[in-house]
1. Report yes if residue 322 is closer than 23 Å to residue 212 by Cβ, within 12 Å of the ligand (Cβ to nearest atom) and open to solvent by less than 80 Å² (accessible area, probe 1.4 Å), otherwise no.
2. Applying the selection to the range 290-307, what residues are open to solvent by less than 40 Å² (accessible area, probe 1.4 Å) and either closer than 18 Å to residue 227 by Cβ or part of a helix (DSSP H, G or I) (or both)?
3. Would you be able to tell me the number of residues in the range 286-306 that are near the ligand (Cβ under 8 Å from one of its atoms) and either in contact (Cβ under 8 Å) with a residue 24 or more places away in the chain or on the phi < 0 side of the Ramachandran plot (or both)?
4. Against the conditions (1) at pLDDT 90 or above; (2) outside any loop (DSSP other than H, G, I, E, B), where does residue 159 fall short? Just the number, please.
5. If you check 220, 213, which single one turns out to be surrounded by fewer than 19 Cβ atoms within 10 Å (Cβ to Cβ) and among the hydrophobic types (A, V, I, L, M, F, W, C)?
6. Which condition number does residue 95 fail, the rest of (1) open to solvent by less than 80 Å² (accessible area, probe 1.4 Å); (2) modelled with pLDDT of 90 or more; (3) over 30 Å from residue 255 (Cβ atoms); (4) among the hydrophobic types (A, V, I, L, M, F, W, C) being met?
7. Out of the residues in the range 171-187 that are outside any helix (DSSP H, G or I) and open to solvent by 60 Å² or more (accessible area, probe 1.4 Å), which is nearest to residue 302 (Cα to Cα)?
Amino acid sequence: VLLLSRSTYDCSYIRETEDRGTSGKIDNNDIVKIIIIFVFFFFFFLMIRRPPRSTLFPYTTLFRSQLKLAQENLEMRVKKRTHELIRAKEEADNANKSKSEFLARMSHELRTPLNAVLGFGQLLQMDDDNLNDEQRVAIEHILIGGRHLLQLINEVLDIARVDAGEMELIIETAPLNDVMDTALLLIRPLALNQGVTLNTPSLTPDCCVRADLQRLVQVLVNLFSNAVKYNRKGGEVTVDCAVVMRDNGGSRKRMLHIAVTDTGIGIREEDYDKVFEPFQRFTLQAENIEGTGVGLSISKKMVELMGGYIGFESQYETGSTFWVELPFDETGT
Ligand code: ADP
């Protein structure tokens, strides 16, 4: 800046030399000034130029390459793990399918001879006049055992079918009155036998759900029979129905909520998670009650296949409420 000001100041000198008739000529002094100004600007620009990042942080490049390497390594490991997981899942699926096929075949093979045992047992029972007391008791044992085994086989077959994706449901308009009547008809003798009162709901006649009729009856019979079996003598079972609204991926849909409340033994909180798992039976009392431990797990699979939900609330030694929700049929009459 000083040099510049000096050069401006020195204009008087130029003017003087012009006066002296030497205008237009550049002398050595001017050249030196120009060079000084040039050098000054050169260094000035060099100073204000932004230094490269690598000069400021000499390790940045190194860090960056290390980070990239780590990232690539991580990606490779994630890919490898994902691949391993997919393979493990495929293996598990195959094993599960084989298990289901085995169960389905075994159940089928067992059912034929078992039906023969039950059939001949019933024939023997019919010939009552020629039987003594001991034989009567023995035949009763054969029939009770045979029926229990047949129920177990049928339920295992159902589970295997659902697991193998071979359970075919016929979803149709199911009038709730009909379904409820059939299920209650099947359960009344058991309730009578156990001294349990059945309080049934009053339904609107045009109330329909979208469901497989036969399977829905099976689910309700399972819930009703549990409510009776795991009740106390002189207890009550109350069936309630209500239409409720549920979220359905952004929209709201109507569902029919059927609740079965009993005044029975209830379920302990630590057993809640296992209620819908197959072959799980709880409480000491349940050991003495006939059952296979499969009914609820099948019911859950069926209800879900029908687009519904199943659940329960329970208080140990007070009672339980098991409920199912099924899509309400808007077109049903
Ligand atoms: P099952 O009745 O043939 O044993 P489920 O799958 O229907 O099989 O039920 C599984 C278990 O859940 C039962 O063994 C019983 O311990 C318990 N459970 C089911 N329903 C009730 C109920 N209403 N009250 C108390 N316990 C129940």
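The values are calculated or read from the model by the stated rules, or taken from the named source; none is laboratory data. Since the structure is predicted, the reported quantities are computational estimates derived from the model, not experimental observations. Every residue, glycine among them, receives a Cβ derived from its backbone with ideal geometry; neighbour counts consider all protein chains shown. Quick note on the areas: whole protein, heavy atoms, side chains included, nothing else; ligands and nucleic acids left out. Shrake-Rupley method; radii C 1.70, N 1.55, O 1.52, S 1.80 Å.
1. yes
2. Residues satisfying the conditions are 291, 292, 293, 294, 295, 296, 297, 298, 299, 302, 303.
3. Residues meeting the conditions: 11.
4. The failed condition is (1).
5. 213
6. Failing condition for residue 95: (2).
7. Among those that are outside any helix (DSSP H, G or I) and open to solvent by 60 Å² or more (accessible area, probe 1.4 Å), it is 171.
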